[in-house]
Amino acid sequence: MLILLVLFVAGVGLVLMGVDKLHTAVPTCYGQPMSPGDICHVRVKGSFGDGMPEPHDTTYQEQLDGLTSGGWTAIVVGVVLLTLAAVITVSWTVTAMREERNA
């Protein structure tokens, strides 16, 4: 039963966080809000290790796209968790009804 509560709370939380991110997202550059046309210049140059992309300057639109894709990702994962909670609930309910009928 605890697993259902955890899945439900996590799912609702992720959906709400994603929706909030989509509606209130303001791109920032090192903590400073950006405006359309701004470019965030990288302060650190160089490689960060094997397989890691090299840092590069980003525009306002690139920063905004990153924020909104994170919002959509949170919403999708939240919906998946809520669906999983619903499937588990239905499965447990059907199993309990069958056991009660066969008893």
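Taken together, the values in this text are just the output of simple stated rules run on the coordinates, not laboratory data. Please read all numbers here as calculations on a predicted model, not as lab measurements. Cβ coordinates were reconstructed from backbone atoms using ideal geometry, including for glycine residues, and neighbour counts include every protein chain displayed.
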Relative contact order, percent, of the chain when contacts are C-alpha pairs under 8 Å separated by at least 6 residues? 41 percent
Which order do the peptides 86-93, 59-66 take when ranked by the mean count of other beta-carbon atoms within 10 Å per residue, highest first? 59-66, 86-93
By how many degrees, 0 to 90 and rounded to 10, does the Cα axis of helix 60-102 deviate from the longest principal axis of the chain? 10 degrees
Treating the angle as unsigned and between 0 and 90°, give the value, to the nearest 10°, between the Cα long axis of helix 2-24 and the longest Cα principal axis of the chain. 30 degrees
Sort the following peptides by mean Cβ neighbour count (other Cβ atoms within 10 Å, averaged over residues), highest first: 3-11, 31-39. 3-11, 31-39
The chain: mean projected area of Cα convex hull, nm²: 9.9 nm²
